[in-house]
Structure formats: C-alpha cells, structure tokens
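Throughout, read-outs are computed from the coordinates displayed, never taken from laboratory work. The shown structure was predicted, so the numbers you read here are calculated from the model rather than taken from an experiment. All Cβ positions, glycine included, derive from the backbone under ideal geometry; neighbour counts span all protein chains shown.
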Amino acid sequence: MSQDLLDYRKPLPARKGYAREFYEFCRKHELRFQRCADCGTWRHIPRDLCAKCASTRWEWGKSSGRGKVFSWTTVMQPMLPNFETPYSPVVVELEEGVRMVTWLVGVKPEELRLDMPVEVAFEDVTAEVTLPKFRKT
Ligand code: ZN
C-alpha cells in the first residue's frame, strides 16, 4: 500500500447492502448500475423495484462510463475537516440515463460547464475503497 492510500482522511461511503455490491464493482474498476431485466430501464440509487414497470427482476449492467455534467454546487465553506475549498460536488448524467453525485478530477470549479463531456476515472483511495470520480474528455 502506498503512503497516499494510508493518508486518505476524507469520509468513505457506507458499504452495506446494494451499496456494498456497487463499490465492489468499483474496486474492479467497473461502473455498474441496476438495469431492469423486464423493461431495460437503468436506475441509481440501487433499490428493489423498477420505477417504470415495478419489476423486481434486475441485473448489474455495465455502464459505458461516459456522460456529461448535469449540475454542480461549489462549496466555499468547509463542512468537514480535510476538504480544501472551494470544491464542487458534481451530478453527472451517464449515457444510460442515470445520474450520480460525484467529483471531477483535474477540473477547477470555475472551469465547470453544463453538458461538459466526462468519463469515469476510478480512484483507489484506500486498500478497500475505490471511488468512481470523473474527468473531462
Ligand atoms: Zn422495468
């Protein structure tokens, strides 16, 4: 393990239930979302029922990892330790239609633009946790 991994001091995602499965795919650098086995609709956050057809049958479909910036906010006042401000949590809309809250790497808050094309950039932050961040394409 590198020193960088030992030094990660930001909050880590809870990894229980479906979230544990989601982050286990991330550890393998695979971005997967639930996809309805009956109507094909993708969904995120993971849950038991399809919002379109109410089916309980689903699979972990592999995402292209490509999307665009849907929205963001810029934090000027840190709410937790170990965050340097300003920083911008971003909502990315994937090609599959799902949206997720994430981070862009290598993009300053003032450089963000609506519909900016992005792709997933996995970041191994600890030995157990990989975060699905994104970078500009
Ligand atoms: Zn469905």
Quick check: residue separation of Thr137 and Thr56 times 0.36 nm, minus the Cα distance between them. What number comes out in nm?
25.6 nm
10 Å Cβ shell holding at most 16 others, DSSP loop, trypsin sites (Lys or Arg not before Pro): longest site-free stretch of the chain:
58-112
Low-density loop cleavage sites - GluC sites (Glu not before Pro) in the stretch 1-88, where at most 15 other Cβ are within 10 Å (DSSP)
Glu84
Okay, helix-only estimate at 222 nm for the chain: each DSSP H run of n ≥ 4 adds -39500 (n - 2.57), divide by all residues, round to 500 deg cm²/dmol; what do you get?
-3000 deg cm²/dmol
Assertion target for Ser63, Ser88, Ser55, ordered by fewest C-beta neighbours within 10 angstrom first, is Ser55, Ser88, Ser63
Going down the list Lys68/Lys108; Lys16/Lys108; Lys16/Lys62; Lys108/Lys136, which pairs span over 22 Å between their C-alpha atoms?
Lys16/Lys108
Taking Cα pairs closer than 8 Å and at least 6 residues apart, the relative contact order of the stretch 3-136 in percent is 24
Using the Karplus curve 6.51 cos²θ - 1.76 cosθ + 1.60 with θ = phi - 60°, what ³J(HN,Hα) values do you get for each residue of the stretch 53-67, in whole Hz, with x for Gly and Pro?
10, 6, 5, 9, 8, 7, 9, 8, x, 7, 7, 5, x, 9, x
Which ordering of Leu12, Leu94, Leu112 is given by a fewest-first count of other beta-carbon atoms within 10 Å?
Leu12, Leu112, Leu94
Kirkwood Rh over alpha-carbon pairs of the chain, then Stokes-Einstein at 10 °C and 1.306 mPa s: what D in µm² s⁻¹, rounded to an integer?
99
Output the 0 to 90 degree angle, nearest 10, between the alpha-carbon long axis of helix 17-27 and the longest principal axis computed from the alpha carbons of the chain.
60
